[in-house]
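Laboratory data are not the source of any read-out in this text; all were calculated from the coordinates shown. Since the model is a prediction, treat every value here as computed from it, not as a measurement. Methodologically, a virtual Cβ is constructed for each residue, glycine included, from the backbone with ideal geometry; neighbour enumeration extends over all protein chains shown.
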Ligand SMILES: [Mg+2]
């Protein structure tokens with residue numbers, strides 16, 4: 001007898017940390033935003049957030065929005081190099097407590113619909129949808 005076909009979905013939340021940051025800084029949606037650095041910067045006079053050009057020292061990009069990636073910066077790049085490519089990008093410090101909390105909420109929401117889940121990290125899961133009908137309910 002042939003085994004039943006299985007349906008496995010892979011969910012990888014792209015730019016997850018940056019997306020979490022934009023929840024508390026909605027004014028930055030649609031703009032180049034870089035998350036990273038070893039310490040939080042104060043904004044320059046009159047600006048709502050610090051700019052990447054203000055960063056001095058070691059430290060790398062944890063993640064970046066698509067608008068920042070379009071300027072040539074990416075995860076793992078040193079912040080000083082990134083600041084040369086995208087000096088006007090906004091720079092926010094990483095907040096791993098918030099990422100863990102939103103990761104927990106994301107996984108709980110998905111698991112309410114698809115209980116067979118393999119946890120692959122803070123922003124990544126596999127789901128076994130084999131026993132679900134097309135409406136997403138368990139048979
Ligand atoms: Mg991801």
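Out of all the residues in the stretch 29-38, is one or more in contact (Cβ under 8 Å) with a residue 60 or more places away in the chain, assigned to a loop (DSSP other than H, G, I, E, B) and within 20 Å of residue 102 (Cβ to Cβ)? Scanning the stretch 29-38 turns up no residue that is in contact (Cβ under 8 Å) with a residue 60 or more places away in the chain, assigned to a loop (DSSP other than H, G, I, E, B) and within 20 Å of residue 102 (Cβ to Cβ). State whether the residues of the stretch 63-86 include one that is closer than 30 Å to residue 132 by Cα and free of Cβ contacts under 8 Å to residues at least 40 places away in the same chain. Within the stretch 63-86, none of the residues are closer than 30 Å to residue 132 by Cα and free of Cβ contacts under 8 Å to residues at least 40 places away in the same chain.
Look at (1) under 30 Å from residue 129 (Cβ atoms); (2) within 15 Å of the ligand (Cβ to nearest atom) and you find that residue 5 fails only one, number (2).
Name the residues in the stretch 8-28 that are in a strand (DSSP E or B) and away from the ligand (no atom under 16 Å from the Cβ), would you? The answer is 8, and nothing else.
Only residues that are under 23 Å from residue 42 (Cβ atoms) and in a helix (DSSP H, G or I) were counted across the stretch 68-94, and they come to 8. The set of residues from the stretch 46-74 being surrounded by fewer than 16 Cβ atoms within 10 Å (Cβ to Cβ) and closer than 16 Å to residue 16 by Cβ comprises 66, 74.
Just need a number here: residues in the stretch 39-62 that are touching a strand residue (DSSP E or B) at 6+ places or on another chain (Cβ under 7 Å) and part of a loop (DSSP other than H, G, I, E, B). Result for the stretch 39-62: 6. Number of residues in the stretch 7-38 that are touching a strand residue (DSSP E or B) at 6+ places or on another chain (Cβ under 8 Å) and under 24 Å from residue 109 (Cα atoms) equals 14. A single entry from 102, 55, 66, 126 fulfils the requirement of being within 16 Å of the ligand (Cβ to nearest atom) and touching a helix residue (DSSP H, G or I) at 6+ places or on another chain (Cβ under 6 Å): 102. Restricting to the stretch 23-42, name every residue that is within 17 Å of residue 80 (Cα to Cα) and surrounded by 14 or more Cβ atoms within 10 Å (Cβ to Cβ). Answer for the stretch 23-42, where residues must be within 17 Å of residue 80 (Cα to Cα) and surrounded by 14 or more Cβ atoms within 10 Å (Cβ to Cβ): 32, 33, 34, 35, 36, 37, 41.
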